[in-house]
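Let me begin by presenting the structure, written as structure tokens, before commenting on it.
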Amino acid sequence: MPELPEVETIKNDLAKSLVGMRITGLWWDSPKQLKPSPQMVEDNIIGTTIEKIERRAKIIQFFLSNQKILIVHLKLTGRLLIRDRKEPADKWAHIILRLSDNLDLRFCDMRKFGYLRIMSDEKELDEVLKEFGPEPFTPEFTVEKFKKILSVFSLPIKILLMDQKKIAGVGNIYANEALFLAGINPRIQANTLSNGQMVQLFHCLLKVLTEGIKFRGASDQSYLDAFGREGEYQKHFRVYQQDNKSCPNKCGGKIVRMKLGGRGTFYCPKCQKL
DNA sequence: CATGGGTCCTGAGTGC
DNA sequence: TGCACTCAGGACCCAT
């Protein structure tokens with residue numbers, strides 16, 4: 001599933017290839033995934049030029065020449081593929097933007113949880129984006145800010161890490177990996193971590209996110225970049241989906257899978273004690 | 001503020 | 001071989 005590193009990779013691919021392109025058409029077979037409605041999206045994008053493409057949290061933003069912004073959330077199984085129009089149809093393609101130079105931007109989504117949404121102006125976009133917590137890799141994401149957030153909540157630390165309102169962009173893969181690297185049990189209440197543990201976790205989180213970007217994301221089930229290529233980070237998972245394998249720290253223990261907040265959670269009981 | 005449940009959706013996996 | 005069933009999960013919504 002696309003998290004910060006995967007969405008960042010896709011955004012960079014798109015920015016490289018699509019800035020300056022004109023949107024000439026829209027095709028869809030899944031109306032619910034075009035918000036607020038297919039007609040509204042169509043009316044606001046046709047004939048515009050893509051001026052800038054950015055990412056905030058797991059959301060990709062296309063800034064258009066008419067000052068509207070098209071945002072995309074890939075959720076669990078969404079893909080954005082740049083294709084030549086004559087290339088064969090992609091599996092699970094539900095929305096296609098027709099672009100200049102005979103290009104398609106194909107939104108494919110097996111589970112149909114993702115969406116495209118047109119924002120009428122920057123103000124409306126800001127209303128959405130301001131709900132997110134601090135963005136990793138920006139100056140506002142400091143160790144002090146991180147510690148402050150953790151100290152306010154008694155939630156299990158893994159649930160806090162994945163809460164987009166608290167910290168932006170972190171999902172299940174990178175939360176599991178960061179907690180393992182930091183040697184912190186996913187169930188521990190955030191506000192009971194020691195200063196040292198919080199500092200450690202801050203650095204481990206940035207480390208795994210950096211690794212994820214370096215390896216162009218993790219293709220554990222359905223993720224592909226904008227050119228249809230798999231990422232490599234799944235080859236470097238320490239604990240995510242590694243249940244029953246021996247702990248990478250060679251502690252002699254085995255990685256265990258449990259449920260936390262309804263989500264698959266992977267950890268080493270010996271290295272990440274409660 | 002915390003916690004737990006339901007919702008969206010469909011491919012993959014299991015059991016018979 | 002095929003049918004019925006369960007499971008997975010990001011974000012959001014609701015009730016308690």
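Please treat every number below as a calculation from the coordinates, not as lab data. In this text the structure is predicted, and so the values were computed from the model without any measurement. Backbone-built Cβ (ideal geometry, glycine too); neighbour counts: all protein chains shown.
I need the calculated FRET efficiency for the pair residue A:131 and residue A:246, taking r as the beta carbon distance and R₀ as 51 Å, to the nearest 0.05. It comes out at approximately 0.80. Which residues does the label zone of residue A:121 cover in region A:44-69, counting backbone N under 16 Å from a point 7 Å along Cα→Cβ? From region A:44-69, the list is A:64-69. The overall shape of region A:108-249 is oblate: from the C-alpha gyration tensor, with semi-axes ordered a ≥ b ≥ c, the ratio a/c is 1.5 or greater and a/b is no larger than b/c.
What do the square roots of 5 times the Cα gyration tensor eigenvalues come to for chain A, in whole Å, largest first, as semi-axes of the equivalent ellipsoid? Provide the component values of the computation, followed by the final result.
Values: eigenvalues 260, 84, 44 Å².
For chain A, the semi-axes come out at 36, 21, 15 Å.
Which whole-number percent is the relative contact order of chain A (Cα, under 8 Å, 6+ apart)?
19 percent
Both the radius of gyration and Dmax for region A:78-150 are 18.0, 52 Å, in that order, over alpha-carbon atoms. Compared with the dominant Cα axis of chain A, that is its longest principal axis, helix A:4-18 is turned about 20°.
Rounded to the nearest 500, the 222 nm mean residue ellipticity of chain A from helices alone is -8500 deg cm²/dmol, with -39,500 (n - 2.57) taken per DSSP H run of at least 4 residues.
The simple Förster model, with R0 at 35 Å and r as the Cβ-Cβ distance, assigns residue A:259 and residue A:42 a FRET efficiency of 0.25.
Convex hull volume of the Cα atoms of region A:187-274, normalised per residue: 123 Å³. Classify region A:4-129: rounded, prolate or oblate, from the alpha-carbon gyration tensor (a ≥ b ≥ c, eigenvalue square roots; a/c under 1.5 rounded; otherwise prolate if a/b is larger than b/c)? Rounded shape, in that the Cα axes give a/c under 1.5. Taking Cα atoms only, the orientation of helix A:143-152 departs from the longest principal axis of chain A by about 80 degrees. Once C-alpha pairs closer than 8 Å and six or more residues apart are averaged by separation and normalised to the residue number of region A:4-129, the relative contact order reads 29 percent. Sparse packing (at most 11 other Cβ atoms within 10 Å of the Cβ) combined with a DSSP loop state is found for the following GluC sites (Glu not before Pro) in region A:101-200: A:131, A:140.
For residue A:77, nonlocal amide neighbours, meaning residues 5 or more places apart or on other chains whose placed amide H falls under 5 Å from its own, are A:111, A:113, A:114.
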